[in-house]
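Presented below is the structure to which this report refers.
The values are calculated or read from the model by the stated rules, or taken from the named source; none is laboratory data. Here the structure is a predicted model, which means the values were calculated and not measured. Ligands, DNA and RNA are excluded from the accessible area calculation, which covers all protein heavy atoms including side chains. Shrake-Rupley method; radii C 1.70, N 1.55, O 1.52, S 1.80 Å.
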Amino acid sequence: QVQLVESGGGLVQTGGSLNISCTMSGNLFSIYDMGWFRQAPGKQRELVAHISAGTNYADAVKGRFTISRDNVKNTVYLHMKTLRPEDTAVYYCKADRFGISYWGKGTLVTVSS
């Protein structure tokens, strides 16, 4: 059974940086497509960044966020810099393969103005 656990969220000031991570239990992490999504209060969940053969980003975070993965540690990371109050959200990790998706429970990132 695949389980995803996010960590690293917290409170940061505008313009600051924060790194969050998501670790997968089980085997075969390297074959999963991994993504970071976020959901702000009162808004729909949206894609932030995705990594498979390559990487892609939402326009709102291009140039500020970087997604990476460590297949030895079964972990995907989201490096966030130049944070803005509008980046405040619960950030979720998602794994996809074989037509099945798995979600973590999320980690809260709050950017104070």
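Here are some notes:
- Proportion of all alpha-carbon pairs of the stretch 49-113 beyond 20 Å (%): 31
- Heavy-atom accessible surface of the stretch 1-92: percent carbon and sulfur, 1.4 Å: 49
- Per-residue SASA entry for Thr107, accessible area with 1.4 Å probe, Å² rounded to 10: 20
- Rolling a 1.4 Å probe across the protein heavy atoms gives the chain an accessible surface of 55 Å² per residue.
- When Trp103, Trp36 are compared by accessible area at a 1.4 angstrom probe, the order from most to least is Trp103, Trp36.
- Karplus-derived HN-Hα couplings along the stretch 53-67 (A = 6.51, B = -1.76, C = 1.60, θ = phi - 60°), whole Hz, x at Gly and Pro: 5, x, 10, 9, 9, 5, 4, 5, 10, 4, x, 10, 10, 9, 9
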